[in-house]
1. Arrange the following residues from fewest to most other Cβ atoms within 10 Å of their Cβ: 91, 86.
2. Which angle from 0 to 90°, rounded to the nearest 10, does the C-alpha axis of helix 224-239 make with the longest principal axis of the chain?
3. For labels at residue 217 and residue 38 in the simple 7 Å Cα→Cβ model, what's the distance in nm?
4. When you take every Cα atom in the chain, what is the radius of gyration, and what is Dmax, the widest Cα pair distance, in Å?
5. Could you list 217, 107 in order of exposure, starting from the residue whose Cβ has the fewest other Cβ atoms within 10 Å?
6. Answer with one residue from 39, 94, 137: the one whose Cα lies farthest towards the positive end of the charge dipole of the chain, charges on Cβ with Lys, Arg +1 and Asp, Glu -1.
7. Using Cα atoms only, what is the angle between the long axis of helix 26-39 and the major principal axis of the chain, expressed in degrees (0 to 90) to the nearest 10?
8. What number, rounded to the nearest 500 deg cm²/dmol, is the helix-based mean residue ellipticity at 222 nm of the chain, given -39500 (n - 2.57) per DSSP H run of at least four residues and division by all its residues?
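What follows draws every value from the coordinates through simple rules; no lab data is involved. Note that the coordinates shown come from a computational prediction; the quantities given were computed from them, not determined experimentally. Here the Cβ positions follow ideal geometry from the backbone for every residue, glycine too, while neighbour counts run over all protein chains shown.
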Amino acid sequence: MALISIIIGLFLDRHFRQLHDLRDMAWFEYYTQKILRFTGRLLPPIQFILILALPLSIMLFIQILLNDFLFNLPGFVFGVLVFIYCLGPTCLLTEIEAYIHARTVGDEDEALHYAGSITGESATTSPDQQINDVTRAILYYANERIFATIFWFVILGPFGAISYRLVSQLSKYIESGELAAFAEFVHALMAWIPARMLAAGYALTGNFDGAYHTYRDRAHTFDLSQSNYEVLVSTGLGAMRTLEMKEELASIHAAQALVMRAVIVWIGILAVLTLGGLFH
C-alpha cells in the first residue's frame, strides 16, 4: 500500500498545483509559539517533545484506528492525503520548469523569483552564479522536499512522514537559541539516511566514477546538516561530471533529470521489496 500511496501522491503533486495551496503550515507555527510561551524555561529537548507530542499523538492515534478498518481503504486514502501534505511545500520539478521557462524567455524577475523559491534564500542577479546556486539547491532540496518524506512514509507510514515534516518546519520557525540548534540536529539526523540513499541514487543513475570520487573528496564535517549538504551536492555534481554543458541551462536540466532518475530507481527498489513481501 505504501508503494501505491507514494506513486499516487507524486502524480497528484506533479499535475495538480492546487494541492500546493493546501499545505499551509501556519497552524503549526502558531501552535509552536503558544507552546513556547509556557515552556520557555524548560530544557530544549523537553520543549521539543512538548511541541511535537500533541500533533504526533493525534496522527498516530488516527493511523492505528484506521489500520485494517474496512479493508484498510480509509487508511489508504488517509495515507495518500498525509503524504501529499508532507511533500513540498511546492512541487520542486514544477518550480524547476518555471525557472527554466523564465530564463528561456528572458524574464529576469520571474527567474529571480523561482531561483529564490528553489534555493530557499534571496537569489543573486548574476545569471551564471544563479544557475550554479539553483543546480546545487536542486540536488540538495530533492531530499528535503521529496525523498526524505518518501523514506519516512515507507518506514513509519503517515506518522513518519508528518514527523519529518513537522521537525523540518520546527527547525525553520526557531531561528536562534538552544532549541533551534536541537531542532536542526534532530532534523539533520532524520535526513541523514535518506540523504545518503538519494546520493547513492545519483551515483547509480549518473556517472558512478565521478560521483564516487567527488563523494570521497568532499569536505568532511561533524555538522550533520552541512554533511548532508556536502554528500548530496558533491555526489550529484560528480554524477553529472561527464555531461557536455553546451547551453546555459544544461546543468539545471541535468540536475532535474538526475533527481527524477534517482527517485524512480528507489521507487523501483521499493516495488521489488513489496513484491518480495518485505513491505506492504
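1. 91, 86
2. Taking the Cα atoms of the chain, the angle to 224-239 is about 40 degrees.
3. 5.6 nm
4. Gyration radius and largest Cα-Cα distance of the chain: 19.3, 58 Å.
5. Taking fewest neighbouring Cβ atoms as first place, the list is 217, 107.
6. Selected residue: 39.
7. In the chain, helix 26-39 runs at an angle near 60 degrees to the longest axis.
8. When only DSSP H runs of four or more count, the value is -25000 deg cm²/dmol.
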